[in-house]
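Data first, discussion second: the structure below is written as structure tokens.
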Amino acid sequence: MAAESKGVLLATDTGAKGTGPEGWSLYLIRTASGSLYCGVTTDVERRFREHSGSGVKAAKSLRGRGPLVLEFQRYIGSRSAALKCEFAVKRLSRTEKEKLISGLRDLPNMINASEV
């Protein structure tokens, strides 16, 4: 069972293999207007700080839309698997993304075990 902290599913609680420098995670950020942004990175905390700072490394779609809240993160493994999972999550309806955040839905089954 994964532990939650302020709506954030901690990657270390997923039971996945280590989160070394080569490990990729998927994350969802909620803007002040309530919209959701999905992305992948090797360091969720660093990437969230970059988005929150609204600097040149922040996603253009998130600049000036704060405060931002990191709603969900999950360790995926390989970059390839993370990108496939991100693509699948971006195609989900808002309702399905909210279920994912609340734990009522699993990630789309896009992860090939050989890629993790």
TODO: Enumerate the calculated ³J(HN,Hα) couplings along the stretch 29-41 in order (Karplus 6.51 cos²θ - 1.76 cosθ + 1.60, θ = phi - 60°), each rounded to whole Hz, writing x wherever the residue is Gly or Pro.
DONE: 10, 9, 8, 4, 7, x, 6, 10, 10, 10, x, 10, 6
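I'm a student and want to see the number: the projected area of the Cα convex hull of the stretch 22-115, averaged over all directions, in nm².
Numbers: hull surface 23.5 nm².
Seen from a random direction, the Cα hull of the stretch 22-115 projects 5.9 nm² on average.
Given a Förster radius of 22 Å and the C-beta distance between S93 and R63 as r, what FRET efficiency does 1/(1 + (r/R0)^6) yield to the nearest 0.05? The partial results should precede the final answer.
On the way: r = 25 Å, r/R0 = 1.15.
It comes out at approximately 0.30.
Give me the extension gain from R105 to A32: residue separation times 0.36 nm, minus the current Cα-Cα distance, reported in nm with one decimal.
On the way: separation 73, 0.36 × 73 = 26.28 nm, distance 2.36 nm.
So the extension gain works out to 23.9 nm.
Each value in this text was obtained by applying a stated rule to the coordinates, not by laboratory testing. Computed from a prediction, not measured in an experiment: that's the story for all the values here. Don't worry about glycine lacking a Cβ; one is built from the backbone with ideal geometry, like all the others, and counts go over all protein chains shown.
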